Amino acid sequence: MTGVHVSGGARVDEGAVARRVREVLAGVLGTPELADGITDATNVVHDLGINSIQMINFLLALEDEFDVELEFEELSFEQLESLPEIRRFVVAAMPDSP
């Protein structure tokens, strides 16, 4: 199982997180079937054409999907373009698992 460690040493299934991030993004863009075509190489801004309102909705939807509170002030523009960076940001915001 591919995973990353969060602060308490718990293991998170990175593949499952990636899938859920893609599904949330496709849903925000209004094209759920797009989720299967989104890869780590996909640039959210340039390839998918996400606008600023959609980006805000995407980040809020990620908070709901993963039950986390994202620190938007800590995000850089480059992180918002890259799915691997968005995934790492979400994983870092996850509470420790028991």
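The values are calculated or read from the model by the stated rules, or taken from the named source; none is laboratory data. None of the values given here were measured: they were computed from a predicted structure. Counting neighbours? That spans all protein chains shown, and the Cβs are built from the backbone with ideal geometry, glycine included. Heads up: the accessible areas ignore ligands, DNA and RNA and are worked out on the full protein's heavy atoms, side chains in. Shrake-Rupley method; radii C 1.70, N 1.55, O 1.52, S 1.80 Å.
VAL68 meets each of the listed conditions (1) within 15 Å of GLY30 (Cα to Cα); (2) assigned to a loop (DSSP other than H, G, I, E, B) apart from (1). Any residue in the stretch 54-73 that's open to solvent by less than 50 Å² (accessible area, probe 1.4 Å) and at pLDDT below 90: show its pairings with residues that are hydrophobic (A, V, I, L, M, F, W, C) and part of a helix (DSSP H, G or I) at Cβ separation under 7 Å, as long as the two are six or more apart or on different chains. If the second residue must be hydrophobic (A, V, I, L, M, F, W, C) and part of a helix (DSSP H, G or I), the pairs left are LEU70/LEU59; LEU70/LEU62; LEU70/PHE89; LEU70/ALA93. Close Cβ contacts (under 6 Å, 6 or more residues apart or on different chains) running from residues in the stretch 31-45 that are over 17 Å from GLU78 (Cβ atoms) to residues that are small (Gly, Ala, Ser) and buried (at least 16 other Cβ atoms within 10 Å of the Cβ) comprise PRO32/ALA26; LEU34/ALA26; ALA35/ALA26.
Only residues that are assigned to a helix (DSSP H, G or I) and open to solvent by less than 30 Å² (accessible area, probe 1.4 Å) were counted across the stretch 17-43, and they come to 7.
Scan (1) at positive phi; (2) modelled with pLDDT under 90 for the single condition LEU80 breaks and write down its number. Only one criterion in (1) at positive phi; (2) modelled with pLDDT under 90 is unmet by LEU80, namely (1).
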